[in-house]
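Here is the structure we will look at, set down as structure tokens.
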Amino acid sequence: MTATPHTSVAGKATSISLRHLVKIYGDHTVIDDLTMDIREGEFFTLLGPSGCGKTTLLRMIAGFNSIEAGTVSFSDLVINDLAPAARNIGMVFQNYALFPQMTAAKNVAFGLENRKVPKPAIPPQVDEALASVHMDELRNRMPGMMSGGQQ
């Protein structure tokens, strides 16, 4: 799973600040008083053994998991209470969340359509996204016809 510090609240790059984050499942504390900063434009990698809380942390930042204590901020905006869709953060899950009946291009376009991007703006953004990962030649391929890495 990957999160990018090129996250945007209002369409511009931002920093991510975590202050005294805590995540508890039952009587097991998964993240205990984590404080860190990811600077605007910084390339950041989160590494650790299985079960150490990497995915949990990313899900907290994205708004998919609750935060028991602490704050997550994008630049100076505390986002703890923002809905996941309002956080405007991209996340690639370990399990693919692709529509098998849709081409690569249509899978990419789906998120833009869901965010109500004007229809004329969608094709160029899809082209740019596919080109940026060197997959423009796979635009009409169905997920079942792609390798795991391509998916």
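The values are calculated or read from the model by the stated rules, or taken from the named source; none is laboratory data. On a predicted model such as this, the values are computed, not experimentally measured, just so you know. Methodologically, a virtual Cβ is constructed for each residue, glycine included, from the backbone with ideal geometry; neighbour enumeration extends over all protein chains shown. The area values use the complete protein model at the heavy-atom level, side chains included, leaving out ligands, DNA and RNA. Shrake-Rupley method; radii C 1.70, N 1.55, O 1.52, S 1.80 Å.
Can you give the local net charge around Ile24? Use residues other than it whose beta-carbon is closer than 12 angstrom to its beta-carbon, Lys and Arg +1, Asp and Glu -1.
Taking every other residue near Ile24 into account, the sum is -3.
Shape of segment 67-122 from its Cα gyration tensor (a ≥ b ≥ c, root eigenvalues): rounded if a/c is under 1.5, otherwise prolate when a/b > b/c, or oblate?
Oblate is the answer for segment 67-122, as a/c is 1.5 or above yet b/c matches or exceeds a/b.
Taking the Cα atoms only, what angle lies between the long axis of helix 122-132 and the longest principal axis of the chain, rounded to 10 degrees?
That works out to roughly 70 degrees.
Using the beta-carbon distance between Leu47 and Thr103 and R0 = 35 Å, what value does 1/(1 + (r/R0)^6) give for FRET efficiency, to the nearest 0.05?
0.55
For Ser15, which sequence-distant residues (separation of 5 or more, or a different chain) have an amide H within less than 5 Å of its own amide H, given hydrogens modelled in the peptide plane?
For Ser15, whose amide H was placed from the backbone, the distant partners under 5 Å are Glu40, Ser75.
Run the count for the chain, please: Lys pairs, Cα-Cα under 22 angstrom, 8 or more apart or on different chains.
Lysine pair count for the chain: 5.
Roughly to the nearest percent, how much of the accessible area of the chain is carbon and sulfur, given a 1.4 Å probe?
55 percent
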